[in-house]
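Scroll down for the structure; my scribbles are underneath it.
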Amino acid sequence: MLTHNSKKGYILISSSVEAEFERIREELKPSRVVGFIEDEFKIEHAKAVLAESYISESQTKYIILGANNFNNVSQNSLLKLLEEPPRNIEYIIISPTKSNLLPTVRSRMPIVKGETIHAVQEISLNLFKINYAEVFEFLKTNERVKKSEAKSLVQALFYRATVIDKLILSESQLQNFDRAYRLLELNSRPQSVLAQLVMSFVGEKNAN
């Protein structure tokens, strides 16, 4: 079911940790954004995140954890928090590489690559209000995309849905994103993959 509140955040892979933090903070205005941006994210920073997380909020508060390196102890101390965020709290982790993060952390949050975010500018679709005419126009615009471009569009659509349009994705929609990426790896026709993915939002909207 789609709503306008996001219950889980995401991991952003980008070499420009501080610049991405500033961009996200601007993008999320007027929502409250609290940043913990460090060279190395240590246990004392994790404790500060924990304390900030349990300050009661009536509106969504975004807590951004950004670092060039993440201490394993600090990551382990945040696993439960990332799995079950307090009410109205959403986490965004910014790291230069996936390998900085424990598999247990990566499994709890979707991963978005920084360079694909800029493709969001090309996506004017509001996935909460999308209709068949907009789907047709989107597919027509991208009818000749290559495999690599289609992968970027899939990630940009995910970012658009969860960050820009602030949707809670249903389990089936999350699976659709995973399936789309796998199909592109298997050399499925890019436009067909994009069509199935975008149409899932129309179907979900009509079901509500």
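Assorted remarks:
- Condition check for V105: assigned to a helix (DSSP H, G or I) and either not aliphatic (A, V, I, L, M) or not assigned by TED's automatic domain parsing to the domain that holds E149 (or both): yes
- In the stretch 130-173, the residues that are of a type in the set (G, A, S) and over 30 Å from T60 (Cβ atoms): A133, S148, A150
- In summary, A67 fulfils each of the numbered conditions (1) outside any strand (DSSP E or B); (2) of a type in the set (A, V, I, L, M, F, W, C); (3) buried (at least 16 other Cβ atoms within 10 Å of the Cβ) with the single exception of condition (1).
- Qualifying residue in the stretch 163-183 (condition: surrounded by 13 or more Cβ atoms within 10 Å (Cβ to Cβ), farther than 27 Å from Y91 by Cβ and at pLDDT 80 or above): yes
- Test: residue in the stretch 46-60 that is under 16 Å from the mean Cα position of the chain (by Cα) and touching a residue at least 24 places away in the same chain (Cβ under 8 Å): yes
- Odd one out for E26 among (1) part of a helix (DSSP H, G or I); (2) at pLDDT below 95; (3) surrounded by 14 or more Cβ atoms within 10 Å (Cβ to Cβ): (3)
- Residue that is farthest from the chain's Cα centre (by Cα), among those in the stretch 70-95 that are aliphatic (A, V, I, L, M), over 15 Å from S107 (Cβ atoms) and assigned to a strand (DSSP E or B): I89
- Looking at E143, E149, just one residue is in contact (Cβ under 8 Å) with a residue 12 or more places away in the chain and not in a helix (DSSP H, G or I), and that residue is E143.
The values are calculated or read from the model by the stated rules, or taken from the named source; none is laboratory data. As the structure is a prediction and not an experimental result, all values here were calculated from the model. We place every Cβ from the backbone using ideal geometry, glycine too, and count neighbours over all the protein chains shown.
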